[in-house]
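Here the structure comes first, spelled out in structure tokens, and everything after it is commentary.
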Amino acid sequence: MTKSFQYWQTRTIIMTMIGYALFYFVRKNFSMAMPGMEADLGISKTSLGLFLTLNGLIYGLSRFANGLLADRVNARFYMAAGLALCAVANFAFGFGIDIAAWISGEPSGTKFTNTLILFMGITWLINGLLQGSGFPPCARLLTHWIPPKELATKMSWWNTSHSIGASIVIILCGYIMGNMGIGDQHTGAWRWCFWIPSGIAFAGAVFLFIFLRDTPSTVGLSELEGTDVKRSRAAGRSAETKAFLREKVFANRLIWILGGVNFFVYVCRFSVLDWGPTLLKQSKGVSMENAGWLVALFEVAGIVGMIIAGWFTDRYMKSRAHRTCTFCMIGAAVCVSVFWLLPGGAPVWSLFAVLCATGFFIYGPQALIGIAAANQATKKAAATANGLTGIFGYVSTAVSGVGFGYVVQHYGWDVAYITIIAMALAGIGVSLLMWNAKADGYEN
């Protein structure tokens, strides 16, 4: 590998890490805004959960559709444009009250409330649709710049981007919710959770457009050695492309198994990430500002977990990422069980320790599933494979979003914790179905 290639490889990894972290600025801000929206607007937990579910479902479908497109277009333009549009959608969401009053002609009342919910619902669905332009171009780029035998380690480092983005925006929004808004109750602070992150994300989109580049060939370099695949020369032809995608993705049982594992991993992850601030406040008696820090530390522990899981996979599992996923899910199930058993009002350090351990284990498989899918589908179909497994991940919001909200509202937090543990155990069972699979789908 030449020095020039190493430079562009490093630059691509860093640029895509920054870009994908900023997608989380305009996605996970909603979680911290939820308690404020519930208090100011009177929106129920079930309704807030429905927002999460619909956004997740449309995002999963969008990620799949964008995966099909991202394997064929310039990732630089694609990713930058998608991030900029997400920022615009978030900025509009923050003005929901003003726009609803303008459309309905009333500052309050039934007509105003219905208009507000409709506008917010549509805007957040549009944001979910646009969010699908984040990961697929990254999956395409990384498989062009990183050899398969190094992908688990280096892509695990890359995968820390979403934890970095989520933890920073959660801390930022925790500060906003505790210090901005009007009066002692900080009424309206939730709106700034959309305006400030959207401004940062838009600036980041401009940064991506200026500094990101596409595949090695676009900067005058040769493609990676040892990543040739059957029919690759004919990949530009429609019939051959469809046949290749059918073989490596849609008829590949391993991709479907990875999708199933992804479903259960994402239920566990989003149940903590999306409901974390509310869960900590209502089931463990933690203040909102401290809750923001605890959920952020959950993400930080996830960063460590991803890095170690990637290193462990290449070092001891011979790049078989699916095997590491099984061990991680066992750890996650144990940690969630311990967290559940901690009493309300338990010392913050104990909540911190167990929540960090949970994040450490949950984020290993979250990162490795994408790596395994990319390796099994090869670089020619990495974005498509990740788009398909992504559908499973975000269909999970039917459980972690509206399902979780309904369970908490009607049955309490104990049943909600049991649901998370059951999902982790199911993920272990599905991951064992591909224990003996090869590390990748390349022919050589």
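The values are calculated or read from the model by the stated rules, or taken from the named source; none is laboratory data. Nothing here was measured: the structure is a model prediction, and the numbers come from that model. Using ideal geometry, Cβ is built from the backbone for each residue, glycine included, and neighbour counts are taken over all protein chains shown.
Rundown of residues vs (1) surrounded by 24 or more Cβ atoms within 10 Å (Cβ to Cβ); (2) modelled with pLDDT of 85 or more; (3) part of a helix (DSSP H, G or I); (4) not hydroxyl-bearing (Ser, Thr, Tyr), yes/no style:
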{"position": "ARG233", "(1), (2), (3), (4)": "no, no, yes, yes"}
{"position": "GLY236", "(1), (2), (3), (4)": "no, no, no, yes"}
{"position": "LYS248", "(1), (2), (3), (4)": "no, no, yes, yes"}
{"position": "LEU254", "(1), (2), (3), (4)": "no, yes, yes, yes"}
{"position": "VAL261", "(1), (2), (3), (4)": "yes, yes, yes, yes"}
{"position": "VAL267", "(1), (2), (3), (4)": "yes, yes, yes, yes"}
{"position": "SER271", "(1), (2), (3), (4)": "yes, no, yes, no"}
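Would you be able to say whether some residue in the stretch 151-173 is more than 21 Å from the chain's Cα centre (by Cα), modelled with pLDDT under 75 and either crowded, with 24+ Cβ neighbours inside 10 Å or not hydroxyl-bearing (Ser, Thr, Tyr) (or both)? Write out each step before concluding.
As a first pass, look at the stretch 151-173 and keep what is more than 21 Å from the chain's Cα centre (by Cα): none.
Checking the stretch 151-173: not a single residue is more than 21 Å from the chain's Cα centre (by Cα), modelled with pLDDT under 75 and either crowded, with 24+ Cβ neighbours inside 10 Å or not hydroxyl-bearing (Ser, Thr, Tyr) (or both).
Let me spell it out: the conditions are (1) surrounded by fewer than 23 Cβ atoms within 10 Å (Cβ to Cβ); (2) within 25 Å of SER217 (Cα to Cα), and ILE117 meets all of them except one. Which number is the exception?
Of the numbered conditions (1) surrounded by fewer than 23 Cβ atoms within 10 Å (Cβ to Cβ); (2) within 25 Å of SER217 (Cα to Cα), the odd one out for ILE117 is (2).
Quick check: anything in the stretch 19-39 out of contact with any strand residue (DSSP E or B) (no Cβ under 9 Å at 6 or more places or on another chain), free of Cβ contacts under 8 Å to residues at least 40 places away in the same chain, among the hydrophobic types (A, V, I, L, M, F, W, C) and assigned to a helix (DSSP H, G or I)?
So in the stretch 19-39, the residues out of contact with any strand residue (DSSP E or B) (no Cβ under 9 Å at 6 or more places or on another chain) come out as 19-35, 37-38.
Checking which are free of Cβ contacts under 8 Å to residues at least 40 places away in the same chain leaves us with 38.
Checking which are among the hydrophobic types (A, V, I, L, M, F, W, C) leaves us with none.
No, the conditions are met nowhere in the stretch 19-39.
Go through (1) surrounded by fewer than 23 Cβ atoms within 10 Å (Cβ to Cβ); (2) of a type in the set (Lys, Arg); (3) touching a helix residue (DSSP H, G or I) at 6+ places or on another chain (Cβ under 8 Å) for ARG27 and report which single condition fails.
Only one criterion in (1) surrounded by fewer than 23 Cβ atoms within 10 Å (Cβ to Cβ); (2) of a type in the set (Lys, Arg); (3) touching a helix residue (DSSP H, G or I) at 6+ places or on another chain (Cβ under 8 Å) is unmet by ARG27, namely (1).
Which of the residues that make up the stretch 44-61 are over 13 Å from the mean Cα position of the chain (by Cα) and within 21 Å of TYR78 (Cα to Cα)? Reasoning before the result, please.
First, the residues of the stretch 44-61 that are over 13 Å from the mean Cα position of the chain (by Cα): 44-51, 53-54, 58, 61.
The answer is ILE58, LEU61.
Listed residues ALA87, ALA92, ALA81, ALA75; which is surrounded by fewer than 24 Cβ atoms within 10 Å (Cβ to Cβ) and under 20 Å from the mean Cα position of the chain (by Cα)? Walk me through how you get there before you give the answer.
Numbers: ALA87 fails: surrounded by fewer than 24 Cβ atoms within 10 Å (Cβ to Cβ); ALA92 fails: under 20 Å from the mean Cα position of the chain (by Cα); ALA75 fails: surrounded by fewer than 24 Cβ atoms within 10 Å (Cβ to Cβ).
Checking each option against the conditions leaves just ALA81.
Tell me, which residue of the stretch 53-110 that is assigned to a helix (DSSP H, G or I) and among the β-branched types (Val, Ile, Thr) is modelled with the lowest pLDDT?
THR53
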